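Inspection log for the structure reproduced underneath, given as structure tokens.
The values are calculated or read from the model by the stated rules, or taken from the named source; none is laboratory data. None of the values given here were measured: they were computed from a predicted structure. Virtual Cβ from ideal backbone geometry, glycine too; neighbours counted across all protein chains shown.
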Amino acid sequence: MKKKHTQPNSMKLFTTAEAAAILNISLKTLNNWLKEGKLPYIKLGDGGRLTRIRERDLEAFIDSGYRMPK
């Protein structure tokens, strides 16, 4: 039986689509915020083609005063 690999909670990563859904914003808006440096992100994969957002960074962003659209 194979053992399932799990990420530690501190390393949970979200795709840009997942983060946009959590924040209730469009993917375009999220990508603009990433380019503007409003929200930290990391690049993974061959050539850094995969953009991921750490759960702790997303939580800190929300805690800093971000208000979800109504």
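Here are the numbers:
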| item | result |
| --- | --- |
| Cross-chain or 6+ apart pairs with Cβ under 7 Å, segment 34-53 first and within 9 Å of THR16 (Cβ to Cβ) and of a type in the set (D, E, K, R), then at pLDDT 95 or above and surrounded by 13 or more Cβ atoms within 10 Å (Cβ to Cβ) | ARG52/LEU13; ARG52/PHE14; ARG52/THR15; ARG52/TYR41 |
| Candidate set: segment 19-70, residues that are polar (S, T, N, Q) and assigned to a helix (DSSP H, G or I); chosen: the one surrounded by the most Cβ atoms within 10 Å (Cβ to Cβ) | ASN31 |
| Segment 23-33, residues that are among the β-branched types (Val, Ile, Thr) and free of Cβ contacts under 8 Å to residues at least 12 places away in the same chain | THR29 |
